[in-house]
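Only one structure is covered here, and it is reproduced in the block below.
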Amino acid sequence: MRPLDLDYMLGLVPVLLKYVPLTLAMASVAMVCALALASLMAIVRVTRVPLLDGFTQVFISFFRGTPLLVQLFLFYYGLPQVFSFLTAINGVTAAIMGLTLHFSAYMAESIRAAIIGVDRSQWEASLSVGMTTPQMMRRIILPQAARIAAPTLVNYFVDIIKSTSLAFTLGVTELMGAAQKEAAGSFLYFEAFILVALIYWVIVEALTVVQRQLEARLGKAHAR
Amino acid sequence: MISVKGLTKRFGTNTVLDAIDLEIEAGERVAVIGPSGTGKSTLLRSLNFLEKPDEGLITVGPVRVDAKTASADEQRAIRRQTSFVFQNYALFANKTARDNIAEGLITVRGWDKAKAHARADEILSTIGLTEKADSYPASLSGGQQQRVGIGRAMAADAELMLIDEPTSALDPEWIDEVLQLLKRVADARQTMLIVTHEMQFARDISDRVLFMDGGRIVEQGPPEVMFTKPKDPRTAAFLRKVL
């Protein structure tokens, strides 16, 4: 066993940290877009909008049923060959699109389950005062579903953050890509990859603090 | 003025409401009594389109709807004329007491928030819950929740208030405060249709009592007649059991 090159690792920390903002930006944009798309799909499924419901089911089935890496390659390398206007798309955009579509499929199902989990009386009370279905969803049902779905959705955000590392296969130099490049130069693969693993870990742990605050806020109405 | 003609509701092959005809004058307080499973709650829910009736002509104030062909817009129009008090309170769990009362004013009637909150605060004072304005339903007692439920129905300023067994889900200790409040609402001559198992209460507040059995109105009349000299043997048998 050879000793760890700690000096190298310490020197690498600031180099890799420079890429954390890109990783977080890609993950955050993908999370927000996926959340919006998933909410729409969940509402379509719960209210059984004709045609759209069927389309949504196929969409969810495809994006849950195929590997994320395959989807990313399809977006970045495949689609531009068929649709020439997509040649302009860069790796970051393709990665965000891929992550959005992939995770929206999973999140749609969690949100759908959460919506169904909101007590029937809440639907009836909303309707009885004369709300339209969109008003009922926005004001009463979705806020309550958010509380039910929050822990699962934060889990998906964690997954999205880690999955941004796949963007390096599309030629994007993000956190993982940067570590890979550094390691290829120094041949100190263990140092580079254990460091990048630690950085992901710290980010995800920091997120659980946010999660606790979020859940406390969403649970405010339910404290006795 | 409320008029219902031929109101029919079937669940599968089971006819729960069998061509109900009913007229209620403005300011009239009508109590509905009868054995369980005879369509009392379904009658109320059908008038608010929480259950979509299969047939019938419903007129509430200026709104007239044919149940068979009622569009979503028409259903909402009827709902705006008919406020509903639920057996299980059904307060919006994500809204404070004040917001529960103000919600319909803001969302459905388009009031601005300040005006709606001012109205909600007036109602909170009427129902004696000013100090609970910012409390969420989960932290209120059953009695307090039902009072907010009544407050929400009051805010709707509806032609007809539909009240579905308002005390059935309450622990005995909370029943009285809810009945007292409903009595005050009735005294203000709010037109109401109330399903209740509290016979004394029905007798105290109503101008007219309907006895329902098997999806039909079997007998109706002023409470002093209905409770002392019912004509139909089914009414008499029911009252012997519950009084």
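The table for this structure:
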item	result
Per-residue average of Cβ from other chains inside 10 Å of B:83-94	6
FRET efficiency, B:Arg10 to A:Thr133 (Cβ-Cβ, R0 25 Å, nearest 0.05)	0.50
Percent of alpha-carbon pairs separated by more than 21 Å within region B:75-162	21
Sparse-neighbourhood loop sites, trypsin sites (Lys or Arg not before Pro) in region A:1-71 - DSSP loop, at most 14 other Cβ within 10 angstrom	A:Lys18, A:Arg48
Compactness of region A:63-148, expressed as Rg and Dmax over alpha-carbon positions, Å	18.8, 53
For A:126-138, mean number of other protein chain Cβ atoms within 10 Å	6
Rounded Å value of the spacing that divides the Cα centres of region B:129-191 and region B:1-46	22
Charged-residue dipole, Cβ positions (Lys, Arg, Asp, Glu), region B:89-170 about Cα centre, Debye nearest 20	160
Likely footprinting exposure, A:Leu195, A:Leu51, fewest C-beta neighbours within 10 Å first	A:Leu51, A:Leu195
Modelled label reach - A:Ser61, point 7 Å along Cα→Cβ, region A:92-107 residues with backbone N closer than 17 Å	A:105-106
Where Cα atoms sit under 23 Å apart: lysine pairs in region B:2-242 separated by 8 or more or lying on different chains	21
Dipole magnitude of chain B about its Cα centre (Cβ charges: Lys, Arg +1; Asp, Glu -1), debye to nearest 20	300
14 Å beta-carbon shell around A:Gln57, net charge (K/R +1, D/E -1)	+2
Pairwise Cα inverse-distance average, inverted: Kirkwood Rh of region A:6-222 (Å)	19.2
Label point distance in nm, A:Arg2-B:Ser36, each placed 7 Å from Cα along Cα→Cβ	7.9
Order by protection proxy (mean Cβ within 10 Å, highest first), peptides A:27-40, B:59-72	A:27-40, B:59-72
C-alpha center-to-center spacing [region A:170-224, region A:1-56] in angstrom	10
Neighbour-count order for B:Lys52, B:Lys40, fewest beta carbons within 10 angstrom listed first	B:Lys52, B:Lys40
Averaged over A:143-149, number of beta-carbon atoms from partner chains that fall within 10 Å	2
Counting DSSP beta bridges with both ends in region B:2-242, the antiparallel % (nearest 5)	55
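Here, each number is a calculation from the coordinates, and none is a lab measurement. Just so it is clear, the structure is predicted and the values come from calculations on it, not from any experiment. Ideal geometry is used to build each Cβ from the backbone, glycine not excepted, and the neighbour counts take in all protein chains shown.
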